[in-house]
Amino acid sequence: MMRAHTRRLLAAALATLGVLAAGLAFTGAPAFAAAPEAPETTSPTGVTATKATLHGVLNPKALTPVLTGWYFAYNIGSTCTGGPTTPLEPEVAAQAKAQEKEASELQPNSKYVSCLVATDEGGAASTQGNEVPFTTPSAPPTLVAGSESASATSTSATLQAQVNANNEATTYSFEYATDKALTGAKTIKGAAALEGYGNQTASVSTGAVLLPSETYYYRVVAENEQSEKEGMPTSGPVEEFTTVPTPHTEEAKSVTATTATFNGALTPLSSVEAEYFFDYRIGSECAGENSTPRVSAGKGSGSKAVSTAVSELQPSESYSVCLVSANAFGSEVDPATPPVHFTTPPAPPTVPAGTESAENVTSFEAGLFSQLNPNNQETTYSFEYSTQAAGETLEEPITKIDGKTIPAGQYGNSEVFVPTGHVLAAGTTYYFRIVATNTTGTTKGKVVSFTTPGPVATTGAASAVELSSANVAGTVNSEGVETYYYYQYGTSTEYGQSTSPSEPGIDIGAGASPVQAPASLFPLVPGVTYHYRLVAWNIDGTSYGQDKTFTTEAGLSPLVTIDPASGITVDEATLSGTVNPQGKETSYSFEYGEGTEYGTQTFGTILAGQGVQSVTFNLSGIHADTTYHYRLKVSNAGGTAYSEDMTFTTLPIAFPVIAPPPPTLLALPSFTFPTGTEAGNTGKTQPHSEKKKHTKKKNKKKDEKQGKTKRQKAKSR
């Protein structure tokens, strides 16, 4: 009994807490928010092929006093979710509240499922009600207003309209006749029935059974099971179209290499305004490349002659042309006559006016450019230039530079160019033009000019050419701008060396007349031909003088012999040899070391002269008892020579042999050594005393001092 009472109190407390929590949730206390009570979905009413009113009850058990929102979900299939929904609706203080909402744009003949969904204040928590199925009834086909269209030629038409089968198999057809009442109309059925839902294209072709320039009337008729039950097929409004006149293409006239006049006739005209244009292209077909503008042929009856002049044809080409008739409903190419063919005659190359130019102009070169059309023939071209011209005529001397040959079959303006190479002079005005030739003729372009920038450099002759040096000269005209100069030189026209490898060169000022520009080139190699040129530069450009050459004097290499070493001691030796300088100042050095790598050199200088001369060198401070390699090296402007490799061995150091002092005996002041073989050892008893020991040390120091004195004397010699 007590337990039942307790359970009732606990249930009442929990209910009170639930009410409080719901109230807090409504007032914006997220900590107490909870999903609302599950709503009850009831059966829809007013169900048609495209609409239905959806019903349901919020808080059917009145458990939650506050609710913030709701909506209906509905979908084709087995569940209400995943499809459309009605808009979210807010609601407050709703208990056992009935709601309804209309769902539109439903599909006919379809099974739907609907449900009412309740949401909390924030929309984060929602509760779906039970699902209720319903089915929309069938509907006749529907037509999209204004979707009818007709595309006509002179003898046929394609009729179209947009039809919605509304989820039932739907057949369609088109009726057409020459009067609006469709008296005696012909009917053309569609190829296949339409299925499903949504707008689809219904289309038929009349075939080539119509008359040209004739007005026809038509409509679409669609039918499914529902329209048959109702006894009322779905019919569109009566529309009209007019076929186009029949075009006849005639022979092209006034044909030149680039122009022609196209001709034809339209038969007949009608009350609908007709237009025409010509299709043409290179080859056997007329369509798909070029068309003349559309021109009105007007209205009326009977046949009308038409023509259009065209330009920009290609020379030496075979063309096809067709007349096309048109009106607001379509167009027609001449259905009976094949394309008319004509061939344009050949033409010389053409150079578009104003396309010649000089680019990448420096003080010594330029690129000559132009546009050129070879007109479908093999074409050669060249550029001519000169420093003199009179109007459109170049004056001698004229330089000609040939370009590449353009093969046959190319048409259109292409950019051609030739480089002048490093042959122009700085600060000079040049005149040039293009000249192009094919089998039909030669075309010369307009004469244009350009001026090279920079100073004028003129390379002069070399002087004072010797074994390893030469003087070069030249002149520089600064053309009024601060200018620097230097010389490039080397064993070829690639040069590779400069009198100013890292500096701007010698400042020659900003004068307006030629100024001397000398320089000395060194060191050079005897007996070699050198190329050189003067280079002058300023902010306007760089000018290169003419390439010139000189050959340095060819010298003779010195001759050398080596003598055996003499005066060899433990740490000294004298090296000697002979040198014939061959009349040039010659340097020499003795190379020596403990191997043929030598490693140490000694230097001296022999003045220029004739005959054999002796050279010596005293070595000191070298190691005792060591074998040394040595040779004599000599060099002058004629080259370098080496003697053969020689060796010598220093003497070993000779130290006197001194017997060690006898060991100290406890019982005796002295002891007797056994007989020995070393010098100084007599086998007699030697007294052991500190005095004798001191004497040995003193003698050793004396020997070391004497050796040092000898080495110093050797060095001084």
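Mind telling me which of the residues A287, A222, A257, A252 ends up being modelled with pLDDT under 95 and among the hydrophobic types (A, V, I, L, M, F, W, C)? Explain how you work it out, then say what you get.
On the way: A222 fails: modelled with pLDDT under 95; A257 fails: modelled with pLDDT under 95; A252 fails: modelled with pLDDT under 95.
Only one candidate passes the filter, namely A287.
Is it true that P523 is over 44 Å from the mean Cα position of the chain (by Cα), farther than 30 Å from T451 by Cβ and not in a strand (DSSP E or B)? When the stated conditions are applied, P523 passes them.
Among residues of region 592-603 being in a loop (DSSP other than H, G, I, E, B) and of a type in the set (S, T, Y), the one that is surrounded by the most Cβ atoms within 10 Å (Cβ to Cβ) is Y598.
Of all residue pairs spaced 6 or more apart or on separate chains, those with beta-carbon atoms under 8 Å, a first member in region 279-303 that is of a type in the set (A, V, I, L, M) and a second member that is in a loop (DSSP other than H, G, I, E, B) and buried (at least 16 other Cβ atoms within 10 Å of the Cβ) are I282/Q314; I282/E317; A297/P245; A297/L269. Screening L211 with (1) under 58 Å from the mean Cα position of the chain (by Cα); (2) under 26 Å from P335 (Cβ atoms); (3) surrounded by fewer than 15 Cβ atoms within 10 Å (Cβ to Cβ) gives one miss only, at (1).
Taking first residues from region 339-367 that are under 25 Å from C322 (Cβ atoms) and partners that are part of a loop (DSSP other than H, G, I, E, B) and among the charged types (D, E, K, R), the Cβ contacts under 8 Å between residues at least 6 apart in sequence or on separate chains come to P339/E285; T343/E317; T344/E317. Pairs meeting the criteria (first residue in region 133-150 and touching a residue at least 12 places away in the same chain (Cβ under 8 Å) and among the acidic types (D, E), second residue surrounded by fewer than 21 Cβ atoms within 10 Å (Cβ to Cβ) and not in a strand (DSSP E or B), beta carbons under 9 Å, at least 6 apart or on different chains) are E148/P237. Checking each residue in region 575-591 for being surrounded by fewer than 18 Cβ atoms within 10 Å (Cβ to Cβ) and not small (G, A, S) picks out T578, E585.
Filter region 294-308 down to residues that are among the polar types (S, T, N, Q) and not in a strand (DSSP E or B), then give me how many there are.
As a first pass, look at region 294-308 and keep what is among the polar types (S, T, N, Q): 296, 301, 303, 307-308.
Restricting the remaining residues to those that are not in a strand (DSSP E or B) gives 301, 303.
Adding up the residues that qualify gives 2.
Here F278 qualifies as touching a Gly at 6+ places or on another chain (Cβ under 9 Å) and either closer than 18 Å to Y319 by Cβ or at pLDDT below 95 (or both). The single condition from (1) in the same structural domain as G56 (by TED's automatic domain parsing); (2) crowded, with 22+ Cβ neighbours inside 10 Å; (3) in a loop (DSSP other than H, G, I, E, B) that V117 fails is (3).
Within region 54-89, the set of residues being in a strand (DSSP E or B) and either under 60 Å from the mean Cα position of the chain (by Cα) or loosely packed, with under 14 Cβ neighbours inside 10 Å (or both) comprises G69, W70, Y71, F72, A73, Y74, N75, I76, T85, E89. Annotation note: of P90, P84, P65, the sole residue that is at pLDDT 95 or above and either of a type outside the set (D, E) or out of contact with any Lys or Arg (no Cβ under 7 Å at 6 or more places or on another chain) (or both) is P84.
Within region 249-261, can you find the residues that are assigned to a strand (DSSP E or B) and either touching a Ser or Thr at 6+ places or on another chain (Cβ under 9 Å) or in the same structural domain as Y411 (by TED's automatic domain parsing) (or both)?
Restricting attention to region 249-261, the residues satisfying the condition of being assigned to a strand (DSSP E or B) are 249-253, 260-261.
Passing the criteria: T249, E250, A252, K253, A260, T261.
Considering every residue within region 523-533, establish whether at least one is in contact with a Ser or Thr (Cβ under 6 Å, 6 or more places away or on another chain), within 26 Å of A358 (Cβ to Cβ), crowded, with 17+ Cβ neighbours inside 10 Å and not assigned by TED's automatic domain parsing to the domain that holds P397. Yes, region 523-533 has at least one match.
For region 316-435, list the strands (runs of 3 or more DSSP E) that sit wholly inside it and hold at least 1 residues that are among the β-branched types (V, I, T) and over 30 Å from K299 (Cα atoms); which are they?
Values: elements: 318-327, 330-333, 340-343, 357-359, 367-372, 380-386, 399-402, 414-419.
Counting at least 1 such residues, we get 340-343, 380-386, 399-402, 414-419.
What number of residues within region 186-223 are among the small types (G, A, S) and in a loop (DSSP other than H, G, I, E, B)?
Within region 186-223, the subset among the small types (G, A, S) is 190-193, 196, 198, 202-203, 205, 207-208, 213, 222.
In the following step, the residues that additionally are in a loop (DSSP other than H, G, I, E, B) were identified as 190-193, 196, 198, 207-208, 213.
Going through region 186-223 one residue at a time, the tally reaches 9.
Determine, yes or no, whether A222 is surrounded by 15 or more Cβ atoms within 10 Å (Cβ to Cβ) and within 30 Å of A265 (Cβ to Cβ). Before you say what the answer is, go through the steps one by one.
Numbers: surrounded by 15 or more Cβ atoms within 10 Å (Cβ to Cβ): yes; within 30 Å of A265 (Cβ to Cβ): no.
So A222 fails the test.
The residue of region 528-573 that is farthest from Y486 (Cα to Cα), among those that are of a type in the set (G, A, S) and part of a loop (DSSP other than H, G, I, E, B), is G567.
Under the condition of being touching a Phe, Trp or Tyr at 6+ places or on another chain (Cβ under 8 Å) and crowded, with 18+ Cβ neighbours inside 10 Å, which residue from region 128-147 is farthest from E230 (Cα to Cα)? Quick ask: steps written out before the conclusion?
Within region 128-147, the first condition is being touching a Phe, Trp or Tyr at 6+ places or on another chain (Cβ under 8 Å), and the residues that meet it are 133-136, 141.
Imposing the further condition that a residue be crowded, with 18+ Cβ neighbours inside 10 Å reduces the set to 134, 136, 141.
Numbers: F134: 23, T136: 17, P141: 12 Å.
Among those residues, the one meeting the criterion is F134.
For region 262-293, taking the residues that are assigned to a loop (DSSP other than H, G, I, E, B) and more than 43 Å from the chain's Cα centre (by Cα), the one that is surrounded by the fewest Cβ atoms within 10 Å (Cβ to Cβ) is identified as S271.
The residues listed here are E396, E392, E356, E415; of these, the one that is surrounded by 14 or more Cβ atoms within 10 Å (Cβ to Cβ) and acidic (D, E) is E356. Scan region 618-645 for residues that are part of a loop (DSSP other than H, G, I, E, B), in contact (Cβ under 8 Å) with a residue 60 or more places away in the chain and over 21 Å from E585 (Cβ atoms) and the total you get is 2. Number of residues in region 291-312 that are touching an Asp or Glu at 6+ places or on another chain (Cβ under 9 Å) and under 19 Å from T337 (Cβ atoms) equals 5.
Determine whether region 391-407 contains at least one residue that is in contact with an Asp or Glu (Cβ under 8 Å, 6 or more places away or on another chain) and in contact (Cβ under 8 Å) with a residue 60 or more places away in the chain. No, region 391-407 has no match at all. Based on this model, can you work out whether S156 counts as outside the structural domain of A336 (by TED's automatic domain parsing) and surrounded by fewer than 17 Cβ atoms within 10 Å (Cβ to Cβ)? So S156 does not fit the description; no. Do the conditions hold for G445, that is, is it in contact (Cβ under 8 Å) with a residue 60 or more places away in the chain and over 35 Å from the mean Cα position of the chain (by Cα)? Yes; evaluated as a whole, the condition is true for this residue.
When you check S227 against the structure, is it surrounded by 16 or more Cβ atoms within 10 Å (Cβ to Cβ), of a type in the set (G, A, S) and on the phi < 0 side of the Ramachandran plot, yes or no?
On the way: surrounded by 16 or more Cβ atoms within 10 Å (Cβ to Cβ): yes; of a type in the set (G, A, S): yes; on the phi < 0 side of the Ramachandran plot: yes.
Yes, satisfied.
The values are calculated or read from the model by the stated rules, or taken from the named source; none is laboratory data. This one's a predicted model, so the numbers in the text were calculated from it and none came from an experiment. No Cβ is skipped: glycine too gets one built from the backbone with ideal geometry, and neighbour counts run over all protein chains shown.
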